[in-house]
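A short reminder: the numbers here are calculations on the coordinates, not readings from a lab. Please read these numbers as outputs of a predicted model, since none were measured by experiment. Cβ placement follows ideal geometry from the backbone for every residue including glycine, while neighbour counts extend to all protein chains displayed.
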Amino acid sequence: MGNLAGTGPTAAYLTGTGHICVGVVGTNRQMYLKVANRGTGFFSVGGQTTADPALTAISASTLVAFSRGTNGAGYYNRYTEAQGLTGWQSIGGRLTSGLAASSGTPAGKPTTYTFGLGTDNQVYEKIGTWATYPPSFSGWSGLTG
């Protein structure tokens, strides 16, 4: 993989399979993943970013990586152990930070909550519902208070 860029890795735990996935950014600005407690090494997720990635699990065997692209927009890439990567898809926005992400299952639907800093220095959230693929995303909404 080479050298790392940024401030460090971000990790997500896949509860159903017991694997710990680690996401990092290489000096070539590509994101890399590694299943930390398996014998495999880092593998490229592709794309280009200027910020640290975010990872969250939406099922026992499905991980979603989020990142800010070089154009300032947010992107996601779904990874399953059976199918691999689906490729980066834009979720839009004009962000000045990396993204943070978490997930839950309200009303039995896998849902992601993605956060980033907008150009006005306000925190914005985008919610994704993963009942089907591709997921359905809300618009970016500012958090107040």
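Observations on the structure shown:
- Among 132-143, 47-58, the order from most to least packed when residues are scored by Cβ within 10 Å on average: 47-58, 132-143
- Computed over the chain: relative contact order in percent, which uses C-alpha pairs under 8 Å that are six or more apart: 14
- In Hz, Karplus ³J(HN,Hα) per residue of the range 32-44 (6.51, -1.76, 1.60; θ = phi - 60°; x = Gly, Pro): 10, 10, 8, 8, 4, 9, 10, x, 7, x, 5, 10, 6
- Distances between placed amide hydrogens fall under 5 Å for residue 91 paired with 74, 75, 76, all partners being 5 or more residues away or on another chain.
- R0 of 35 Å, Cβ-Cβ distance residue 71-residue 43: FRET efficiency to nearest 0.05: 0.90
- For the range 124-133, the Karplus equation 6.51 cos²θ - 1.76 cosθ + 1.60, evaluated at θ = phi - 60°, returns couplings of 10, 10, 10, 9, x, 9, 10, 5, 10, 10 Hz by residue, with Gly and Pro reported as x.
- Amide proton proximity set for residue 51, modelled H, under 5 Å, gap of 5+: 68
- Which label in (1) 8.8; (2) 11.8; (3) 10.9 gives the computed mean projected area of the Cα convex hull in nm²: (1)
- Note on the range 34-145: dipole from Cβ charges, positive end direction compared against 35, 113, 93; the farthest Cα belongs to 35.
- 3J(HN,Hα) from dihedral phi, the range 90-96, Karplus parametrisation 6.51/-1.76/1.60, rounded to Hz, x for glycine, proline: 6, 10, x, x, 10, 10, 10
- The stretch between residue 119 and residue 28, if pulled fully straight at 0.36 nm per residue, gains 30.3 nm over its current Cα-Cα span.
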